[in-house]
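Colleague: This is the structure I have questions about; it appears just below.
Please treat every number below as a calculation from the coordinates, not as lab data. Here the structure is a predicted model, which is why all the values come from computation and not from measurement. Because the Cβ atoms are built from the backbone with ideal geometry, glycine has one as well, and the counts that use them run over all protein chains shown.
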Amino acid sequence: MTDDQFLTTEQVLDYMQVNLRTVYRLIKAGKIPAVRVGRQWLFRRTDIDAWLTVSRQLGQVTDGPYTGDERPRVLVVDDEPSVRELLAKALAGADYDVDAASDGAAAVEQLRARAYDLLITDLKMPGMDGLAVIREARRTAPDLPVIIITGYSTEAAAIEAINLGVAGYITKPFRLPRILAATARALGEPVPAAEA
């Protein structure tokens, strides 16, 4: 393999011993340059080696596989324990850091306590509903992507959700691949073909 050789995404995954999500995050953060050719990303091996060398010198990467500590943090809000647990498990299994809240007030406390990359909230909850949670979230993090999941969809709620700039509006019952695809889209990540 020559130093100026280009590697495909699959070769980079093997070379760096990482998953696709980690490589995509590195591209998006501008840490490793990539060239898009058709549907394939190509990477110059010298660029990968240079990034790995600098990262090792800064102590960001050990000699083992790059683990990538930039997993997106997602807050799931739903008053139904079974739905909340299902979403949390599915998202954690898809390599996201997940926190959960059982109601709107708890969600707002968590949103104030830490930064999230995505909010997934039920619309209809006792006390503070999902739209109120979104409005509160917009005060502290105006660009936070939001996905609404609801079993009680109304035209008025859908219009308000659009006005609040939500990234997704999913009705219950839902299939997990749809949630995972909406999550990837909201975070600007590639959507696996099986989930599209």
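Colleague: Hey, rough spin-label estimate for Ala105 and Gln5, points 7 angstrom out along Cα→Cβ, what's it come to in nanometres?
Modeller: 6.2
Colleague: To continue, here is another question. Sum -39500 (n - 2.57) across every DSSP H segment of at least 4 residues in the chain, then divide by the residue count to get the 222 nm mean residue ellipticity, nearest 500.
Modeller: -13000 deg cm²/dmol
Colleague: A further question on this structure: Using a 10 angstrom cutoff on alpha carbons, build the Gaussian network for the chain and name the most mobile of Ile149, Ile134, Ile27.
Modeller: Among Ile149, Ile134, Ile27, the largest GNM mean-square fluctuation belongs to Ile27.
Colleague: Which ordering of Tyr152, Tyr15 is given by a fewest-first count of other beta-carbon atoms within 10 Å? Please report the intermediate quantities before stating the final value.
Modeller: Details: Tyr152 11, Tyr15 15.
In order of increasing Cβ crowding within 10 Å: Tyr152, Tyr15.
Colleague: If I compute volume of the Cα convex hull per residue in Å³ from the structure I just sent, which labelled value in [x] 121; [y] 188; [z] 135 lines up?
Modeller: Answer by label: [z].
Colleague: Just in segment 115-183: which trypsin sites (Lys or Arg not before Pro) are loop by DSSP and have at most 10 other Cβ atoms within 10 Å?
Modeller: Passing sites in segment 115-183 are Arg175.
Colleague: To continue, here is another question. Can you figure out the FRET efficiency of Val54 with Ala141, using R₀ = 22 Å and their beta-carbon distance, to the nearest 0.05?
Modeller: For R0 = 22 Å, the calculated efficiency reads 0.10.
Colleague: Given labels modelled 7 Å from the Cα in the Cβ direction, how far is it in nm from Glu80 to Arg178?
Modeller: 1.2
Colleague: Starting from the Cα-Cα distance between Leu20 and Ala92, subtract it from 0.36 nm times their residue separation and give me the gain in nm to one decimal.
Modeller: Going from the current span to full extension adds 24.4 nm.
Colleague: Work out, step by step, the length gained on full extension between Ala113 and Arg73: first 0.36 nm times the residue separation, then minus their alpha carbon distance; give nm to one decimal.
Modeller: Net length gain for the segment: 13.1 nm.
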